[in-house]
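Encoded as structure tokens, the structure appears first; notes follow it.
The values are calculated or read from the model by the stated rules, or taken from the named source; none is laboratory data. These numbers were taken from a predicted model, which means no experiment stands behind them. Cβ sites come from the backbone with ideal geometry, for glycine too, and all protein chains shown count toward neighbours. Areas reflect the complete protein model, heavy atoms only, side chains present, ligands, DNA and RNA absent. Shrake-Rupley method; radii C 1.70, N 1.55, O 1.52, S 1.80 Å.
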Amino acid sequence: MLGSIAAPTLSSTKPVRVLVVEGQALFAKALCQVLAGDPEIDVVGDSDSMVNAPLRRLRPDLIVLDLDGHHVEFSEAMRTCREHAPQAKVCVLSTHVQPEVMQRCLSAGADGYVVKDILPAELIRAVKSIASGHAYVDPRVAGGVLKRRSNGFGRAAQNELSVRETEIIRLIARGMSNKEISAKLHLSEKTVKNHISRIFAKLNITARTQAAVHAIKTGLA
Amino acid sequence: MDSYVVEPQSLFVPYLSDVLAGAELRVVRVAPNLDVDDIRATRPDALFVDTDFLDVDPADAVSAMRAALPRAFICAYTNGEGQRADRLRFAGANCVLSKRSGPREIADVLRTARTRGSFTDPRCD
């Protein structure tokens with residue numbers, strides 16, 4: 001389900017146990033303060049990363065995960081979460097309004113996607129919606145997805161980068177040469193070149209700098 | 001000190017404003033991105049800029065702020081380390097502050113930086 005949900009009601013009277021995973025210490029405190037202001041939410045802790053979070057001990061019902069403040073790959077954070085807190089729903093917080101960033105998060109298993117200029121009351125609504133089993137996506141970003149679909153269903157999937165291509169574009173954005181990328185990923189330089197050609201074709205670009213800009217703008221780097 | 005904050009994470013702004021108030025920085029205006037004309041028109045004593053979400057190069061942004069307000073106190077708030085932090089300092093930031101800082105640390109650092117004239121968070125080195 002895309003878009004915002006009206007007046008979520010929680011089936012249980014128990015407060016939702018929320019863990020905040022946020023790399024910016026100050027923003028973590030701000031989030032905890034906003035969420036703790038609601039009597040139906042129990043903030044059980046905060047952590048600077050999913051790896052450092054005591055997930056098994058805290059047993060959160062829902063994790064608010066900041067996409068921006070982490071050096072760890074998002075899918076890796078999701079894997080850690082699924083391994084140690086399989087019951088927890090995940091609400092991603094991000095500054096990115098690009099639909100492709102949101103789609104990547106949802107594909108990796110997130111249950112919601114919220115942009116950081118959201119109002120505190122709307123964030124609480126999002127958390128409750130997700131906790132009660134609904135998906136929640138910022139309506140502005142969801143609108144972008146629907147627009148892309150209406151412009152040609154299926155075309156987006158063809159142009160979507162594969163996992164390997166995503167890895168490579170991320171390394172390009174870090175300024176690595178083909179040789180360095182091939183060494184890091186244990187691939188031949190020719191294979192790396194082939195991947196890069198496919199990336200260029202999919203993104204309709206012609207230069208590495210354009211690829212780097214795309215990676216940064218879409219939150220890949 | 002009247003302060004101008006550049007911060008797109010608006011959810012975070014009320015809390016940040018309280019923390020800045022603890023360092024005697026009174027937030028008079030908040031913008032989601034760099035707007036040099038607006039900064040010039042507001043003429044704050046201090047600028048607090050989250051450099052990680054700008055549409056332009058962070059060092060260029062600080063440099064533009066410094067050119068617009070040569071005597072203002074500029075604090076660059078960043079996840080950057082090493083060269084990225086150095087560039088912010090060389091561009092004219094009085095204070096380079098790590099995002100790993102907690103609220104009390106931020107207030108202390110801002111007070112120190114204002115007294116000394118400059119401060120770089122060791123975690124940004």
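So in the stretch B:110-125, with the set limited to residues that are crowded, with 16+ Cβ neighbours inside 10 Å and touching a residue at least 40 places away in the same chain (Cβ under 8 Å), which one is nearest to the other protein chains (Cβ to nearest Cβ)? Lay out the reasoning, then the answer.
The first filter runs over the stretch B:110-125 and keeps only residues crowded, with 16+ Cβ neighbours inside 10 Å, leaving B:110, B:113-114, B:119-121, B:124.
When the remaining residues are screened for being touching a residue at least 40 places away in the same chain (Cβ under 8 Å), the result is B:110, B:113-114, B:124.
Details: B:110: 12, B:113: 16, B:114: 18, B:124: 14 Å.
Result: B:110.
Does residue B:75 meet the test of being within 13 Å of chain A (Cβ to nearest Cβ), under 16 Å from residue B:50 (Cβ atoms) and of a type in the set (A, V, I, L, M, F, W, C)? Give the derivation first.
On the way: within 13 Å of chain A (Cβ to nearest Cβ): yes; under 16 Å from residue B:50 (Cβ atoms): yes; of a type in the set (A, V, I, L, M, F, W, C): yes.
The answer is yes for residue B:75.
Pairs linking a residue in the stretch A:79-106 that is over 17 Å from residue A:217 (Cα atoms) to a residue that is surrounded by fewer than 19 Cβ atoms within 10 Å (Cβ to Cβ) and among the acidic types (Asp, Glu), with Cβ atoms under 7 Å and 6 or more positions apart or on different chains, do not occur.
Of all the numbered requirements in (1) closer than 16 Å to residue A:35 by Cβ; (2) away from chain B (no Cβ under 14 Å); (3) within 9 Å of the chain's Cα centre (by Cα); (4) not aromatic (Phe, Trp, Tyr), residue A:91 misses one, and that requirement is (2).
State whether the residues of the stretch A:141-164 include one that is touching a strand residue (DSSP E or B) at 6+ places or on another chain (Cβ under 7 Å), modelled with pLDDT under 85 and surrounded by 14 or more Cβ atoms within 10 Å (Cβ to Cβ). The answer is yes; a qualifying residue exists. Checking B:35, B:57, B:52 one by one, the residue that is farther than 21 Å from residue B:98 by Cβ and of a type in the set (Asp, Glu) is B:35 and no other.
Do the conditions hold for residue A:131, that is, is it over 30 Å from residue A:86 (Cα atoms) and at pLDDT 85 or above? Spelling it out, it is not the case that residue A:131 is over 30 Å from residue A:86 (Cα atoms) and at pLDDT 85 or above.
Screening residue A:181 against (1) without any contact (Cβ under 8 Å) to a residue 40 or more places away in the chain; (2) surrounded by 18 or more Cβ atoms within 10 Å (Cβ to Cβ); (3) not in a helix (DSSP H, G or I) leaves a single unmet condition, (3). Taking (1) at pLDDT below 95; (2) under 12 Å from the mean Cα position of the chain (by Cα); (3) away from chain A (no Cβ under 14 Å); (4) buried (at least 23 other Cβ atoms within 10 Å of the Cβ) in turn, residue B:85 satisfies each apart from (2). The set of residues in the stretch B:64-82 that are under 12 Å from the mean Cα position of the chain (by Cα) and open to solvent by 40 Å² or more (accessible area, probe 1.4 Å) contains only B:66. Across the stretch B:1-50, the qualifying residues are those that are within 14 Å of chain A (Cβ to nearest Cβ) and of a type in the set (S, T, N, Q), and the one among them that is surrounded by the fewest Cβ atoms within 10 Å (Cβ to Cβ) is B:33.
Just one of the numbered conditions (1) part of a loop (DSSP other than H, G, I, E, B); (2) in contact with a strand residue (DSSP E or B) (Cβ under 6 Å, 6 or more places away or on another chain) is not true of residue A:65: (1).
Determine, yes or no, whether residue A:86 is assigned by TED's automatic domain parsing to the domain that holds residue A:51 and crowded, with 18+ Cβ neighbours inside 10 Å.
Numbers: assigned by TED's automatic domain parsing to the domain that holds residue A:51: yes; crowded, with 18+ Cβ neighbours inside 10 Å: no.
Taking the combined requirement at face value, the residue does not satisfy it.
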